[in-house]
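Data block below; observations after.
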Amino acid sequence: MTTVHRHSSETRADGSPGTARSSPVGAVARYSAAAVRLSMGWVFLWAFFDKTFGLGHETASKDAWTNGGSPTKGFLAFAATGPFKDFYNGVAGQAWADWLFMIGLLCIGTALVLGIAMRAAAAAGVLMLVLMWTVVLPPANNPFMDDHLIYAMVLVLITALGAGHTWGLGRTWESLALVRRTPWLR
């Protein structure tokens, strides 16, 4: 991956993009990307915790996964519209869908918060978000664009910017032998 920086085009020995550390613009970009990464991680983790334990924000305690509720049933059964409605209605509440969704939320959120496995987290997050976008086609307030697609683009951007290196464990993670040998784990 080649990254062009406004004031620097540094590349580290491991091939990952460098940052313009001495530039105020570079510092603002690094810290902003890290804050966005942490925020996106929290979005995924909050959804996981709320659906698991029914914290009362979007999921009532009686509907919590730990109390026998389904994390996918409400959205897929009642919010689905458009060309894929019948497909998603059929998937709603199935155990395999619940498990995949919840594992995805937990793993993506954890990776983003820690700043590790950013490529894998971004790929999984983009897939999840685009699938969620297809549930509500067309979006309520726009012919095609909604927050799911914007979040998906943000995941790609923060990964490309190396946001896991600032306020995260990205550099340490990328120095592991397994990760150096397996680029998609970066």
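The values are calculated or read from the model by the stated rules, or taken from the named source; none is laboratory data. Everything quoted here is computed from the prediction, not taken from an experiment. FYI the Cβ positions are ideal-geometry reconstructions off the backbone, even for glycines, and counts take in every protein chain you see.
Observations on the structure shown:
- Summed over the range 124-137, the residues that are more than 15 Å from residue 163 (Cβ to Cβ) and in contact (Cβ under 8 Å) with a residue 60 or more places away in the chain give a count of 1.
- Subset of the range 126-154 [crowded, with 17+ Cβ neighbours inside 10 Å and among the aromatic types (Phe, Trp, Tyr)]: 133, 151
- Across the range 155-172, the number of residues qualifying as surrounded by fewer than 20 Cβ atoms within 10 Å (Cβ to Cβ) and either without any contact (Cβ under 8 Å) to a residue 12 or more places away in the chain or part of a helix (DSSP H, G or I) (or both) comes to 5.
- Subset of the range 54-100 [β-branched (Val, Ile, Thr), over 16 Å from residue 128 (Cα atoms) and surrounded by 13 or more Cβ atoms within 10 Å (Cβ to Cβ)]: 59, 81
- Subset of the range 19-42 (residues that are under 17 Å from residue 156 (Cα atoms) and either modelled with pLDDT under 95 or surrounded by 15 or more Cβ atoms within 10 Å (Cβ to Cβ) (or both)): 29, 30, 33, 34, 36, 37, 38, 40, 41
- Taking the criterion of being outside any loop (DSSP other than H, G, I, E, B) and of a type in the set (Gly, Ala, Ser), the only residue of the range 173-186 that qualifies is 177.
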